[in-house]
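The values are calculated or read from the model by the stated rules, or taken from the named source; none is laboratory data. Bear in mind the structure is a predicted one, so any value in this text is a computation, not a measurement. A quick note on method: Cβ atoms are made from the backbone with ideal geometry, for glycine too, and the neighbour counts reach across all protein chains shown. Just so you know, the surface numbers come from the protein's heavy atoms only, side chains and all, with ligands and any DNA or RNA stripped out. Shrake-Rupley method; radii C 1.70, N 1.55, O 1.52, S 1.80 Å.
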Amino acid sequence: LGLTGSGLLSVVHELRRAGVVEASGRISPQPPLFAERIEEDEQGARRIPLTSDGRLALTQWDVRELQKAKGAIRAAMDILMGELGLQPDDLDRMILTGSFGGQVDIEAVIELGMIPPVRREVVETVANGAGFGAAQFLSDEGFAMAIELANRAEQIDLDLDPNFIQRYVNAMILAPNHQRSI
């Protein structure tokens with residue numbers, strides 16, 4: 001019994017919009033809504049029951065885990081875009097795919113800052129992009145294109161970026177444009 005990654009993202013997004021979860025990721029001790037529903041364990045960690053029986057709840061730990069994943073994704077995107085000399089306004093199309101990316105709420109990924117601040121119409125989700133991409137390479141023409149792409153591909157070691165840790169920490173903020181210049 002639990003939430004999927006995309007479900008967790010949507011719940012945190014809505015609670016963030018309602019002021020229940022702060023930009024820092026902390027479940028607010030005095031939120032404008034749901035204050036009576038917030039519980040604390042013996043160590044003072046907050047949790048918000050999401051079902052009437054309380055078996056499904058959002059915990060402070062859940063929010064922190066989401067922040068770590070979000071921080072890694074955003075830091076990587078910022079480093080790669082920097083390597084290419086791109087700004088968010090330069091992007092005409094961004095495809096989110098995979099078991100997570102194909103299911104996410106686009107408003108949530110933009111408003112929580114998981115992706116750079118791009119125009120909403122630029123972003124789309126595709127449930128099985130890897131399968132679709134693999135199918136493209138089954139023809140002789142597609143296979144030739146795959147070889148050419150592989151020959152042009154470059155590896156970027158994110159952990160070698162001198163500002164990776166600072167980017168990662170900054171990217172954990174639950175806000176659309178959280179990055180400071182580095």
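Summed over the range 25-42, residues that are closer than 22 Å to LYS68 by Cα and either at pLDDT below 95 or surrounded by 15 or more Cβ atoms within 10 Å (Cβ to Cβ) (or both) total 4. Those helices (runs of 4 or more DSSP H) of the range 124-179 in which 3 or more residues are acidic (Asp, Glu) and farther than 30 Å from GLY19 by Cα occupy 140-152. Restricting the range 126-182 to residues that are touching a residue at least 40 places away in the same chain (Cβ under 8 Å) and small (Gly, Ala, Ser), which is surrounded by the most Cβ atoms within 10 Å (Cβ to Cβ)? So the residue we want is ALA171. Looking at LEU15, is it more than 14 Å from the chain's Cα centre (by Cα), outside any strand (DSSP E or B) and within 20 Å of THR97 (Cα to Cα)? Judged against the criteria, LEU15 is not a match. Only residues in the range 43-62 that are surrounded by 10 or more Cβ atoms within 10 Å (Cβ to Cβ) count as the first member; pair them with residues that are part of a loop (DSSP other than H, G, I, E, B) and among the β-branched types (Val, Ile, Thr), Cβ under 6 angstrom, at least 6 apart or cross-chain, and list the lot. Partner pairs satisfying both residue conditions: ARG46/ILE38; ILE48/ILE38.
GLY2 meets all of the listed conditions (1) at pLDDT below 95; (2) surrounded by 12 or more Cβ atoms within 10 Å (Cβ to Cβ) but one, namely (2). A single entry from ILE115, ILE110 fulfils the requirement of being in contact with a Lys or Arg (Cβ under 8 Å, 6 or more places away or on another chain) and assigned to a loop (DSSP other than H, G, I, E, B): ILE115. GLU121 meets each of the listed conditions (1) part of a loop (DSSP other than H, G, I, E, B); (2) exposed (fewer than 12 other Cβ atoms within 10 Å of the Cβ) apart from (1). In the range 69-80 there is no residue that is without any contact (Cβ under 8 Å) to a residue 40 or more places away in the chain, surrounded by fewer than 17 Cβ atoms within 10 Å (Cβ to Cβ) and of a type in the set (A, V, I, L, M). As an exercise: evaluate ALA108 against (1) open to solvent by 70 Å² or more (accessible area, probe 1.4 Å); (2) modelled with pLDDT of 95 or more and give the number of the one condition it does not meet. Among (1) open to solvent by 70 Å² or more (accessible area, probe 1.4 Å); (2) modelled with pLDDT of 95 or more, the lone unmet condition for ALA108 is (1). Does the range 92-104 hold any residues that are outside any helix (DSSP H, G or I), over 21 Å from GLN155 (Cα atoms) and open to solvent by less than 30 Å² (accessible area, probe 1.4 Å), and which are they? Result: GLY102, VAL104.
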